[in-house]
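Contents: one structure, followed by commentary.
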Amino acid sequence: MDVVKENVPAYDNIGFQHEDTRPPPYAPRAGIYPSLPQATPSYVITHAPENTLQSTPQENVQNKGRKKCKWSRILPVSIFVLLILAVLTLLLWYFLYYQCAFGRACWNSGKCLSFSQWCDGVVDCPDGEDESKCFRLHGSNFLLQSYSSQSQSWMPVCADKWDDDYGKLVCEEMGYKSKDYVTYSKTNAGSLASKGFMKLVPGSDKKSHILSQLSHSLFCLQNTVGLRCIDCGKTIAAPSSRIVGGTEASQGAWPWQVSLQSLSSRHICGGSIISPLWIVSAAHCFEGSSNSSEWIVRSGDVSLLEMKLYNGNEVRQIISHEKFDSETNDNDIALLKLKKPLTFSRKVKPVCLLNNGMELMAGTPAWITGWGKLRSSGPLPDKLNQAQVTIYNREDCNKPNILDGAITETMICAGELKGGVDSCQGDSGGPLVVKEADVWWLVGDTSWGIGCALKNRPGVYGNVTHFLDWIYRHTQSE
Ligand code: 4AZ
């Protein structure tokens, strides 16, 4: 430790001196700021005798030099403080921008946007994600909702000034083809309009980006927009009421049902049309062969023999769920992309995927269809069979005397607990559908079971609702 000798300034090099009569420039007023220790490094504690506080005229001269020295000490301290501040600012920027503490990051670049920059009609993310998912359909009446950047919530779209051209533009935004567009209707939004509407601004035109022409409004003269982007879930024939315990289906009753076959026209699995290019099926169907050139998709008839007479559709791509577990059958879903789009007709049509906010209730009656076995050890039928089943809640399915915990959240169990009605081998990949508001919705893909139609052994289906984001991610990527 350094010790300061009494009355002797330890720091003798006092540098340039002003004339005695002139005050040092910017001399601080005595008593306002404590003076910095001059003779010792600040971490050395010194105890100066009290009389050292009364300075002599000669010391005054030297003090002037000390004040000069103060600046040469303050400078490095300031630089140090500035450096610390710079580092802190950098950390804060990293936290706010890259960790996006008060906003939402672009998926691809990580760029951070404030919440109000999403769906505001201005592209901010390098890949445009901020303006790409700003419309959705809600409920069984296909109510169109647009995301409001202002209120940061989903709002129904007011039908004032709306027409089919706007409808087509929005359907295209959501990934549908404008040739598949059906119509729009004026629908009551009910409590969904409690915060207001998104409404076309005066002078809006169809050439500019539609989002930038919608603004939040509390008033809407007409009803809100219900939008049909594709003619899905409609049939020309009601289910006539085997699969096991079912009946033969009539022509056109299940126009989304397809047969997935080997090149030798052997029926292997079922599938459901969801758009002209895409079929939903089960991942376990492709464990034997995931080579798209080894598959053919046949549609448009209830008879396998009849469908053999026509060219099937070639498959461009098979996408099995990346988390499919062949041990547990968790995530048992796959998508098939066709080489050529299907031509829709009375007997070839897509089924609807559930809209946002639609919930599947346990106890709901549902239908299963397929060309699977009519009993566990029987042959495959030529005709499509149908059966009505009940959807059970997961808790009941997982009871020890039923499926004993095997039903994960990617699965639904349905059937008849007393036995006698079920899907069976060959029905896999095919649809489990429910009817609501006169529309058929795909809720499951046939996956597995313990035997067929046994008591307390309901069939197990992939939970299509759980996979909706996965389906949209893959089918809307172009
Ligand atoms: C199968 O092997 C299969 N009882 C499908 C469904 C069920 C059983 C087996 C459900 O493709």
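Here, each number is a calculation from the coordinates, and none is a lab measurement. As the structure is a computational prediction, the values presented were derived from the model and not from experiment. Ideal geometry is used to build each Cβ from the backbone, glycine not excepted, and the neighbour counts take in all protein chains shown.
Table for the structure above
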| read-out | value |
| --- | --- |
| Over the stretch 134-228, relative contact order from alpha-carbon pairs under 8 Å, at least 6 apart, % | 38 |
| Within the stretch 343-456: Cβ-based charge dipole about Cα centre, in debye rounded to nearest 20 (Lys, Arg +1; Asp, Glu -1) | 460 |
| Under 5 Å, built H, 5+ apart or other chain: amide partners of Gly444 | Leu432, Val464 |
| Residue-wise HN-Hα coupling along the stretch 121-136, computed from phi with Karplus coefficients 6.51, -1.76, 1.60 (Hz; x: Gly, Pro) | x, 10, 6, 10, 6, x, 9, x, 4, 5, 10, 9, 10, 10, 10, 8 |
| Separation of alpha-carbon centers, the stretch 273-311 and the stretch 171-203, rounded to whole Å | 34 |
| Rounded Å value of the spacing that divides the Cα centres of the stretch 325-400 and the stretch 414-478 | 3 |
